[in-house]
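Student: Take a look at this one; I'll ask things after.
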């Protein structure tokens, strides 16, 4: 079973409960404001945390995710100004967006070269000339998976309408630059155990920059994630007028 947290209707509502501190998203809101981005494409929107922030700031948002269960959680938040679409990064519509974003694990979840380059090409088409693409990815040299493997603490939440849920995390495979991990959820109400497995790819900065340039982007800046200095790259790239370079 792969990435059950994204697709299972019982697991999807747990994401916001266990990942309740999303201070990382404020940096993306600030970037949208700095770029005067009125129409934003949120790729891999999940339960809609960033899309909601953007819409509440007065922006029009098109939010895309491959997991219908996530989208149902996002829609239930009832925030106007957001169009929710079911699809993958390669399926994003050509909407002439001012800004496209991929937060959290989205960029790294595009594991194969084909998935990655196809997504970049789709984002390029979805932006208007001069539009920007902003996303984050972990620094491979930081070897975050070593910290993950050392953290074996079980988390527990008492969730309204669901009851007590425990979550256990484990790294299952490291074949750098690809790392796999597993979350195991146990529901206190009935004892059901559900497992969600994920795989991420850790790309080098120079490889990402080269891929962006090949797809027709100009890399303006690569900065630190303000809430995780030294751990991640945040890429800010611009769609170059005149089309893709390859």
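The numbers here are math on the coordinates, done by the rules we state, and not lab data. These figures come from a predicted structure and were not determined experimentally. All Cβ positions, glycine included, derive from the backbone under ideal geometry; neighbour counts span all protein chains shown.
Student: Based on the Kirkwood radius over alpha-carbon pairs, what is the Stokes-Einstein translational diffusion coefficient of region 72-113 at 37 °C with 0.692 mPa s viscosity, in µm²/s?
Tutor: Rounded to a whole number, D works out at 258 µm²/s.
Student: Taking every DSSP beta bridge with both residues inside the chain, roughly what % is antiparallel (nearest 5)?
Tutor: That works out to approximately 70 percent antiparallel.
Student: Here's a follow-up. For region 142-201, what is one quarter of the convex hull surface built on the Cα atoms, given in nm²?
Tutor: Projected over every direction and averaged, the Cα hull of region 142-201 covers 4.6 nm².
Student: Using only the Cα atoms of region 56-195, build the gyration tensor, take square roots of its eigenvalues as a ≥ b ≥ c, and label the shape rounded, prolate or oblate: rounded if a/c is under 1.5, else prolate if a/b is larger than b/c, else oblate.
Tutor: The shape class here is oblate.
Student: Mind checking the angle between helix 205-214 and the chain's longest principal axis? C-alpha axes, 0 to 90 degrees, to the nearest 10.
Tutor: 50
Student: To two decimal places, what compactness ratio does region 21-94 give when its Cα radius of gyration is scaled by 2.2 N^0.38 Å?
Tutor: 1.02
Student: In square nanometres, what is one fourth of the surface area of the convex hull spanned by the alpha carbons of region 113-246?
Tutor: Result: 10.6 nm².
Student: Take every Cα pair under 8 Å in the chain that's 6+ residues apart, average their separations, divide by the length, and report that relative contact order as a whole percent.
Tutor: Rounded, it is 18 percent for the chain.
Student: Still on this structure: Take the alpha carbon atoms of region 62-140, find their center, do the same for region 152-199, and report the distance between the two centers in whole angstrom.
Tutor: 25
Student: Another question, then. Starting with the fewest neighbours, write out 209, 231, 192 ranked by other beta-carbon atoms found within 10 Å of each beta-carbon.
Tutor: 192, 231, 209
Student: Have a look at the chain and give its Rg and Dmax from the Cα atoms, expressed in angstrom.
Tutor: In order Rg, Dmax, the Cα atoms of the chain give 17.9, 58 Å.
Student: A further question on this structure: For residue 195, project a label point 7 Å along Cα to C-beta. Then give me every residue of region 135-169 with its amide nitrogen under 15 Å of that point.
Tutor: Of the residues in region 135-169, 168-169 have backbone N under 15 Å from the label point off residue 195.
Student: Something else: Using a/c under 1.5 as the rounded threshold, could you call region 195-245 rounded, prolate or oblate? The axes a ≥ b ≥ c are square roots of the C-alpha gyration tensor eigenvalues, and prolate needs a/b larger than b/c, oblate otherwise.
Tutor: Note, shape of region 195-245 comes out oblate.
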